[in-house]
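Colleague: The structure that follows is given in the form of structure tokens.
Each value in this text was obtained by applying a stated rule to the coordinates, not by laboratory testing. Quantities reported herein were computed from a predicted structural model and do not represent experimental measurements. Heads up, the Cβs are rebuilt from the backbone with ideal geometry, glycines too, and the neighbour counts pull from every protein chain shown.
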Amino acid sequence: MRRTLALSLAALVLTAGGVAGCGGSSSGNGSSNGTTGAPAPVESNPAGDIPDDQAFVTYRPPAGGFTVKVPEGWSRSTSGGSTVFTDKLNRIEITAVDRPAAPSPASVTAETVPILRKKVPSFSPGKASTVTRHDGQAVLLTYRGDSAPDDVTGKTVRDAFERYTFHHRGREVDLTLSGPVGADNVDPWRIVSDSLRWQ
């Protein structure tokens, strides 16, 4: 009888422990979802991969001066002196301005980062460095930020940005490529950033 009683008590302890464990797990999930004001979460299976067979076409701005390849079939719009190409969660923004001095990592960090910090929701800076592309050097600034809310769902996505600043004879072109963090767009972004040609 003592053995039966001992087994019953052991079973009761195990059952109580299992219930407590389940309760702890549930409350942990609830607290993580209740955070407000934090950056948009990174998707575990991020969408936004540009297909390997994506075709590219040459874009030439009305004012001339340069050309750059963009994915064929993407939507195009113009706003505030910038031309923007979008498809699903990916975006390419092209802005050209007159600027006498060539940029450097230091100047981009000092001048551009403060502007982006005010403009991009949940802005998180990466680094600025000099990279070489087909038509010369450019300053590459990497950073992260939240996308604009989806028109239908209101959902925001955590985006990774690559901002290339090219300069040639007093003309500057800023080429900003963005898509969800974790999306595998290394090759398409290289095609675009390597395609700029000064005219």
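Colleague: May I ask for the Rg/Rh ratio of the range 77-199, computed from Cα atoms with Rh as the Kirkwood radius, given to two decimals?
Modeller: 0.95
Colleague: Need the list of lysines near Lys118 for cross-linking: C-alpha distance under 27 angstrom, and skip anything on the same chain fewer than eight residues off.
Modeller: Within reach: Lys88, Lys127, Lys155.
Colleague: Evaluate E = 1/(1 + (r/R0)^6) for His168 and Ser122, where r is the Cβ-Cβ distance and R0 equals 41 Å; express this FRET efficiency to the nearest 0.05.
Modeller: Efficiency for this residue pair is about 0.75.
Colleague: Between Gln54 and Ile115, how many nm apart are label points set 7 Å from Cα along the C-beta direction?
Modeller: Distance between the two pseudo-spin positions: 2.5 nm.
Colleague: Let me ask something else. Starting at the first residue of the range 138-153, write each ³J(HN,Hα) from the Karplus equation 6.51 cos²θ - 1.76 cosθ + 1.60 with θ = phi - 60°, in whole Hz, x for Gly and Pro.
Modeller: 9, 9, 9, 10, 9, 6, 10, x, 8, 6, 5, x, 4, 4, 9, 8
Colleague: Could I ask something else about it? For Arg133 and Thr78 in the same chain, what is the full-extension length gain: residue separation times 0.36 nm, less their Cα-Cα distance, in nm?
Modeller: That pair, Arg133 and Thr78, stretches by 17.2 nm at full extension.
Colleague: Same structure again: Tell me the trypsin sites (Lys or Arg not before Pro) within the range 61-170 that lie in a loop according to DSSP and have at most 13 other beta-carbon atoms within 10 Å.
Modeller: When the trypsin sites (Lys or Arg not before Pro) of the range 61-170 are filtered for loop state and at most 13 Cβ neighbours within 10 Å, Lys88, Lys155, Arg169 remain.
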